[in-house]
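This report concerns only the one structure given below.
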Amino acid sequence: MGHTSLEKLIRLQRKTPNIRNICILAHVDHGKTTLADCLVASNGIISTRLAGKMRYLDSREDEQIRGITMKSSAISLHYTAGDSEYLINLIDSPGHVDFSSEVSTAVRLCDGAIVVVDAVEGVCPQTQAVLRQAWLENIRPVLVVNKIDRLIVELKLSPQEAYTHLQKILEQVNAVTGALFTSKVLEERAVKEAEVEGGVPETSGGEQVYDWSAGLEETDDSHLYFSPDQGNVVFASAIDSWGFSIHQFAQIYCQKMGIRSEVLQKTLWGDFYLNAKAKKIMKGAQSKGKKPLFVQLVLDNIWSLYDAVVTRRDKEKVEKMVASLGLKVTARDLRHSDPKVLLSAICSQWLPVSQAVLSMVCEMLPSPSEMSSERVERLMSVGTRRFDSLPEKTQQLKQAFLECASEETAPVIVFVSKMFAVDPKSLPQNKQRPLTQEEIAQRRELARQRHAERQATSQSAENPESANAGGTQTATSANNTNTDTEALCAQREALTVKPAEEEEEKEHFVAFARVYSGVVRRGQRVFVLGPKYDPALALRTLPEGCSADDALPSIAHLACCTVEHLYLLMGRELEELEEVPAGNVLGIGGMEEFILKSATVSTSPACPPFTPLNFEATPIVRVAVEPKHPSEMPKLVRGMRLLNQADPCAEVLIQETGEHVLVTAGEVHLQRCLDDLRERFAKIEISASKPIIPFRETVIRPPKVDMVNEDLGRQQKVAVIHQAKEEQAKYSEGVQVDSSGLVNLTTPNKMATIGVRAVPLPEEVTRLLEGSSELIRTMEQFSLFAREGKTLEISQKTLEEIQDFKSKLEGHLQGRKWRNAVESIWAFGPRRCGPNVLLNSVEGYQRPSVWQCLEREKEKPEAVTLRDFDNSIVSGFQLATLSGPMCEEPLMGVCFSVESWEMKLASQFAQQDSTEEETTSHQGLEANNKKTSAAPASEVSEPGGSSEAGGGQNRRKGDAATDCYGPFSGQLIAAMKEACRCAFQAKPQRLMAAMYTCEIMATAEVLGRVYGVLSKREGRVLNEEMKEGTDMFIIRAVLPVAESFGFADEMRKRTSGLASPQLVFSHWEVISSDPFWVPTTEEEYLHFGEKADSANQALKYMNAVRKRKGLYVEEKIVEHAEKQRTLSKNK
């Protein structure tokens, strides 16, 4: 197919039913970009010979060097099937786990996905992840089983073995889809049952029988699975340019065999064979030991082609095959020394992969106008709100979505999934435009004049007399020529130099977007809706029928801007457009001032912001960045701001210490971000610290055995009592610690005493709290509104989730120790939504429950008031949980129980101070809601502002509740913080390390080396299994993030590149060793010696963090202060 003109693509953009928005998803190195090359080559954009070698959509230099895709890039292709012409917007996405955020940005803009699976490696971790992402976004996938040539050339399987192997791969992929489907059906059924139970009172007295299978049997799932006879599977080898679906072979053989193509399509895949005598297709090939049709009619032919061309290089047989297939192969290809060139020349004509894949895409995947209403509702229901609870006007927009309307009256709705940086030179408006006829004539005249000038000067140099004679005439003509020349040169310089100077300062960003409704035009005014925009609030404030052109009052998270440029994305190129109708993927210029990473753009203020993207990888690897020359700090700050905008997953933070911290998803991602900073965004030399490894601090139940696994006897207990006496002396004045771990602390002015105890939370509770931070934030917001006398609307679904969360908590917190614990929760922390709990065990103090959002429907017996300075206690707890005593890292899985709280303060002072606290707490929560970040990356040490702000406000109000020790609320906050820290130290303390799950595929011969590298880096193997039909092992292990730097490189070096790991953040795990351990029992002294200087991993980690933060580290710098012994005397 020849090169498609821009005009044709623009014309096709208007035919919504013939548009296909698709992305290519797969595990790393399964052949996505090679397949994309073959599809791009079908449009004549690149040569078919270069397809697979050029990797056209990998436009970055580091992508070409590393050989992996690092960003998703789009291209528009034209495909003709019969009389129909299709526009295919193809997005190639990365497969490396570090760049899975780019996959999320691509998936959101598509209606279908091509899932590529390596025929040898089968389903890998990232394959499962991309199938899950496609499922979550409600997009339909089709399957390409790639690299089938490896089964022939590398594994040397027979066609029969290859058929069995391919069947297993299809089963694996379908198993992943089946698991996703089952979980969805069971979830829906559970919701229905809950509704039925809630609405209908139980009448049956008999036992209830649960039949979980019933829901699955009723639901039709046949369309979900991949099966070649359904037409949603293509078998291919993209590097050799061939691919086919069952449908193609059915068409070929229906003429030869005289069997209808529908019958062949049903029987070519499966347990069918051809009975040559009866000339019938019969079932039961396996039981009768016959060749299945797929092997006989399809695989045997491909295997014999490879055998003739690649293995035996049989010239005669090849020529016979080429003639029988009716192909034309050039003599140059036949003579070529590389057999792959000849193979590619034959296959690209016989079974072109682009035709197989694109025809499957056009037949099996939906157009934008076929979007399901379920997907629309899911996109429009942001946060905790259900679609039914949205305003009426907002719900009416659903119809525009479903119709994918391109009329003038249809509201424009666009979703921007990411911003990407573009070199100003590659923008269409900055490229040299083709010259007009007048300009060409002008330049030709200029060239003639210059030539005449040169000839005149050379002649005058040869015969000076004649030159002097006609001097005046030449001078006048030369003057005229010079003025013309200068004018033209100045004009050209103005065209080229001026924009270059302007662009030098400004980095250009293009928004990667899709139009869901309406027509976007250049110069159009639109609303940009932030993620927290509330259409209900805006519709109440804004006048009826207003547009973005009107002068409007300012509304939170709503901005107005002009669409400056529209681009058609063509891989490495951009083409300028005037307008783009609904259903198309496009680039929008001039949005960098209004959009940070993603946003919804619309002409209607009733449009809700789309639900946030689902990111699989969590940013966990953080480094501190600084310029080599301090004077270049402003450039670094600007560069980091641009990097934050250009990368959907990277986060940029400024810590309390003033460090600029960059948080990324993994080592490869970190390297790419640092390279971008140096070469593109900051353009300065920068130095990055060693990765900052996040830890958490926790307490555990007292261990039952010592370090040599002996039961703790009386000797150990005596030692502990001695230790306790020593430690009692360490605590500051006013702190009392009893043997049970209860800490009593008095404020400096002796006006209040607090009793706090620290208890470890069960592991399940910690996990539950960590996963429910959004719900806890909603509950906290509701409580805050209630205290101010306002009400916050919460959807029924969210209330059900909160109720479920509460019942799970009650289920996990069983036993005498936790009696009524859930009801007496005072607060969660840090940042009011973390995995630590503050319990109210103060006798006779009833305060409003954190669960009051669940109690609003019930009759309230009486209003429960807060005790004075209640908020100071919560602020102290928040500060204590934000930075623990071991190495100032956040706490995790700790429950602080306030057992006593006595105050001797004049009531009017207290009342005044309490109201001030209330306002500061409100500010603190607002700040929290603005800053939402992933669990492992949530350790920016900014203590929320509530404590200091509280102190500052009190000073401004006057010093009624102030004495020489400062405001009383501040004293109480400090006392609570100190009490929590002392209570924490009174229990056995432990560090928690962030853990990666690590999946490694390796052959049997390098298995030992893989284990060696893992054990050296404190890794723990969970299981290993052999992949059926191959000699590959899959090893699953966990590895501390602290030990993961350089792990992938070391693994590749030690195994000669035969094993490469995929690291994904998994969970937090307690490090079993005690960082403060010293030998106390006789057995420990015997085993470890008096110094006990064997490596203590937890202590090593703790001291490294303390050193980095500039905290005191207890270590001997000089071990033996003796004179240095020299080996030889100084001569």
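The values are calculated or read from the model by the stated rules, or taken from the named source; none is laboratory data. Just so it is clear, the structure is predicted and the values come from calculations on it, not from any experiment. With ideal geometry, Cβ positions are generated from the backbone for all residues, glycine too; neighbour counts draw on all protein chains shown. The accessibility values were calculated without ligands, DNA or RNA, using every heavy atom of the protein model including side chains. Shrake-Rupley method; radii C 1.70, N 1.55, O 1.52, S 1.80 Å.
A few comments on the model shown:
- Cβ-Cβ contacts under 7 Å between residues 6 or more apart (or on different chains), taken from a first residue in the stretch 1052-1072 that is farther than 26 Å from GLY771 by Cβ to a second residue that is part of a helix (DSSP H, G or I) and among the charged types (D, E, K, R), are listed as ARG1054/ARG1009; THR1055/ARG1009; SER1060/ARG1052.
- Single residue of ILE588, ILE595 found to be closer than 22 Å to ILE91 by Cβ and in a strand (DSSP E or B): ILE588
- The residue that is nearest to PRO694 (Cα to Cα), among those in the stretch 617-654 that are part of a loop (DSSP other than H, G, I, E, B) and open to solvent by 30 Å² or more (accessible area, probe 1.4 Å), is THR618.
- Positions within the stretch 233-274 being touching a strand residue (DSSP E or B) at 6+ places or on another chain (Cβ under 6 Å), part of a helix (DSSP H, G or I) and without any contact (Cβ under 8 Å) to a residue 40 or more places away in the chain, in sequence order: THR267
Condition check ((1) surrounded by 24 or more Cβ atoms within 10 Å (Cβ to Cβ); (2) out of contact with any Asp or Glu (no Cβ under 8 Å at 6 or more places or on another chain)) across all residues:
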position	(1), (2)
ILE45	no, yes
LEU57	yes, no
GLU63	no, yes
SER73	yes, no
ASP83	no, yes
ASN89	yes, yes
PHE99	yes, yes
VAL103	yes, no
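- Index of the failed condition, PRO201 passing every other in (1) closer than 30 Å to TRP350 by Cα; (2) modelled with pLDDT under 85; (3) open to solvent by 40 Å² or more (accessible area, probe 1.4 Å): (1)
- Per the listing LEU1063, LEU1058, LEU1014, the residue uniquely aliphatic (A, V, I, L, M) and open to solvent by 60 Å² or more (accessible area, probe 1.4 Å) is LEU1058.
- Per-region count, the stretch 987-1011, residues small (Gly, Ala, Ser), open to solvent by 40 Å² or more (accessible area, probe 1.4 Å) and in contact (Cβ under 8 Å) with a residue 24 or more places away in the chain: 1
- LEU90 being within 12 Å of ALA36 (Cβ to Cβ), within 22 Å of the chain's Cα centre (by Cα) and aliphatic (A, V, I, L, M): yes
- Verdict on VAL329 being surrounded by fewer than 20 Cβ atoms within 10 Å (Cβ to Cβ), in contact (Cβ under 8 Å) with a residue 12 or more places away in the chain and of a type in the set (A, V, I, L, M): yes
- Selection within the stretch 303-348 - more than 17 Å from GLU154 (Cβ to Cβ) and among the acidic types (Asp, Glu): ASP314, GLU316, GLU319, ASP333, ASP338
- Output for the stretch 506-553, where each listed residue is under 26 Å from CYS23 (Cα atoms), part of a loop (DSSP other than H, G, I, E, B) and either modelled with pLDDT under 80 or open to solvent by 50 Å² or more (accessible area, probe 1.4 Å) (or both): PRO531
- Note on the stretch 409-438: residues that are part of a loop (DSSP other than H, G, I, E, B) and within 23 Å of VAL601 (Cα to Cα) amount to 5.
- Checking the stated criteria, GLY1029 turns out to be small (Gly, Ala, Ser), open to solvent by 20 Å² or more (accessible area, probe 1.4 Å) and either modelled with pLDDT under 85 or closer than 26 Å to MET903 by Cα (or both).
- Selection status of PHE1047, farther than 28 Å from LEU157 by Cα, under 23 Å from the mean Cα position of the chain (by Cα) and not aliphatic (A, V, I, L, M): yes
- The set of residues in the stretch 1-43 being open to solvent by 20 Å² or more (accessible area, probe 1.4 Å), within 18 Å of CYS110 (Cα to Cα) and either in contact with a Lys or Arg (Cβ under 9 Å, 6 or more places away or on another chain) or of a type in the set (Gly, Ala, Ser) (or both) is empty.
- Among (1) open to solvent by 50 Å² or more (accessible area, probe 1.4 Å); (2) touching a residue at least 12 places away in the same chain (Cβ under 8 Å); (3) assigned to a helix (DSSP H, G or I), the one test that ASP1049 misses: (2)
- All positions within the stretch 326-346 that are part of a helix (DSSP H, G or I) and β-branched (Val, Ile, Thr): VAL341, ILE346
- Among the residues of the stretch 18-37, those that are under 12 Å from THR127 (Cα atoms) and assigned to a strand (DSSP E or B) comprise ILE24, LEU25, ALA26.
- If you go through the stretch 103-133 and keep only what is farther than 27 Å from ILE1035 by Cβ, touching a Pro at 6+ places or on another chain (Cβ under 8 Å) and part of a helix (DSSP H, G or I), you end up with SER104, THR105.
- Considering the stretch 610-650, and only residues there that are acidic (Asp, Glu) and modelled with pLDDT under 90, the residue that is nearest to the chain's Cα centre (by Cα) turns out to be GLU616.
- Options ILE68, ILE45; residue that is at pLDDT 80 or above, over 23 Å from the mean Cα position of the chain (by Cα) and part of a loop (DSSP other than H, G, I, E, B): ILE45
- Residue satisfying all of: in the stretch 275-325; touching a strand residue (DSSP E or B) at 6+ places or on another chain (Cβ under 6 Å), aliphatic (A, V, I, L, M) and not in a helix (DSSP H, G or I); surrounded by the fewest Cβ atoms within 10 Å (Cβ to Cβ) among these: MET282
- Check on CYS998, at pLDDT 85 or above and not in a strand (DSSP E or B): no
- Qualifying residue in the stretch 660-674 (condition: in contact with a strand residue (DSSP E or B) (Cβ under 8 Å, 6 or more places away or on another chain), of a type in the set (Asp, Glu) and surrounded by fewer than 17 Cβ atoms within 10 Å (Cβ to Cβ)): no
- In the set ALA724, ALA786, only one residue is modelled with pLDDT under 85, within 46 Å of the chain's Cα centre (by Cα), under 25 Å from SER841 (Cβ atoms) and of a type in the set (A, V, I, L, M, F, W, C); that residue is ALA786.
- Exclusive hit being outside any strand (DSSP E or B) and in contact (Cβ under 8 Å) with a residue 24 or more places away in the chain, set ARG847, ARG757, ARG777: ARG777
- Remark: LEU50 matches the filter, which requires a residue to be open to solvent by 10 Å² or more (accessible area, probe 1.4 Å), over 28 Å from VAL520 (Cβ atoms) and either assigned to a loop (DSSP other than H, G, I, E, B) or touching a residue at least 12 places away in the same chain (Cβ under 8 Å) (or both).
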